[in-house]
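This report refers to the structure that appears directly beneath it.
The values are calculated or read from the model by the stated rules, or taken from the named source; none is laboratory data. All of these numbers come straight from a predicted model, not from anything done at the bench. Note that each Cβ is placed from the backbone with ideal geometry, even for glycine, and that neighbours are counted across all protein chains shown.
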């Protein structure tokens, strides 16, 4: 059916399904874009324009962890574009309409039916900006299919599916310094005690609140058959007496780090 056929000038899109993006791997925060897509079938007898906006400026936040504050994440952290049958330039979501179709819209196809695939994408940068907390982020998408002709004659039609982003409870702890050395090098060390500070010793990635704990594999440091009490990276002056009379050498133990919800 072509525009000069004896049929009404109309746009008749089908209701698109809701779309869900699951953030269930820390790589999405580092080097892997996340996203999802859905299809918008439409029947039209005029050039089809397609645009989208969100019903609100920010996502609705729920299902967080105890004490979690609303991060007020803006919908502009998500980008959208049509990938087929006619690829379009990406846009950032907004509470104002933005065109997914190019100027002039989509040409009337044979049979008057076309299914557009719309992709929604979250970059690692934007994920870290707005979605570092575990929880469910929800926004309503307001699509509008409109007559993109020079002299529009067809009535625009709106559809409103939901975009949901689920951020899982994710966690990772990396020890960046495998060994820690606390050395007694002079008399002052035996008088005042010694300590060692490590920059960037731990890297923790977590989507919920956490506390960090540390423990030693044994209560004493060992050097062959000799032992001494270890005190987590430092030996204070009041403990130096326990070192006196011990054979010279390196005393060691294994330290284990852990993190848990507060």
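Just to be sure before I move on: is residue 92 in contact with a helix residue (DSSP H, G or I) (Cβ under 6 Å, 6 or more places away or on another chain) and either surrounded by fewer than 19 Cβ atoms within 10 Å (Cβ to Cβ) or over 20 Å from residue 164 (Cβ atoms) (or both) in the structure I sent?
On the way: in contact with a helix residue (DSSP H, G or I) (Cβ under 6 Å, 6 or more places away or on another chain): yes; either surrounded by fewer than 19 Cβ atoms within 10 Å (Cβ to Cβ) or over 20 Å from residue 164 (Cβ atoms) (or both): yes.
It is true that residue 92 is in contact with a helix residue (DSSP H, G or I) (Cβ under 6 Å, 6 or more places away or on another chain) and either surrounded by fewer than 19 Cβ atoms within 10 Å (Cβ to Cβ) or over 20 Å from residue 164 (Cβ atoms) (or both).
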Extreme residue, nearest to the chain's Cα centre (by Cα), among residues of the range 196-211 that are surrounded by 12 or more Cβ atoms within 10 Å (Cβ to Cβ) and free of Cβ contacts under 8 Å to residues at least 60 places away in the same chain: 206
Note: among 65, 28, just one is under 14 Å from residue 132 (Cβ atoms), assigned by TED's automatic domain parsing to the domain that holds residue 102 and out of contact with any strand residue (DSSP E or B) (no Cβ under 6 Å at 6 or more places or on another chain), namely 65
Restricted to the range 244-262, and to residues that are farther than 10 Å from residue 210 by Cβ and assigned to a strand (DSSP E or B), which residue is modelled with the lowest pLDDT? 257
Any residue that is crowded, with 17+ Cβ neighbours inside 10 Å and part of a strand (DSSP E or B) - is there at least one of those in the range 109-116? yes
I'd like the residue in the range 170-179 that is surrounded by fewer than 14 Cβ atoms within 10 Å (Cβ to Cβ) and in a loop (DSSP other than H, G, I, E, B) and, out of all such residues, is modelled with the lowest pLDDT. 178
Kindly indicate which of 72, 99, 112, 116 is under 22 Å from residue 29 (Cα atoms) and either assigned by TED's automatic domain parsing to the domain that holds residue 147 or in contact with a strand residue (DSSP E or B) (Cβ under 9 Å, 6 or more places away or on another chain) (or both). 72
Unmet requirement for residue 55, which otherwise passes all of (1) exposed (fewer than 14 other Cβ atoms within 10 Å of the Cβ); (2) out of contact with any helix residue (DSSP H, G or I) (no Cβ under 6 Å at 6 or more places or on another chain); (3) without any contact (Cβ under 8 Å) to a residue 40 or more places away in the chain: (3)
State the number of residues belonging to the range 80-108 that are closer than 13 Å to residue 141 by Cβ and outside any loop (DSSP other than H, G, I, E, B). 3
Does the range 180-192 hold any residues that are in a loop (DSSP other than H, G, I, E, B) and touching a helix residue (DSSP H, G or I) at 6+ places or on another chain (Cβ under 9 Å), and which are they? 183, 184
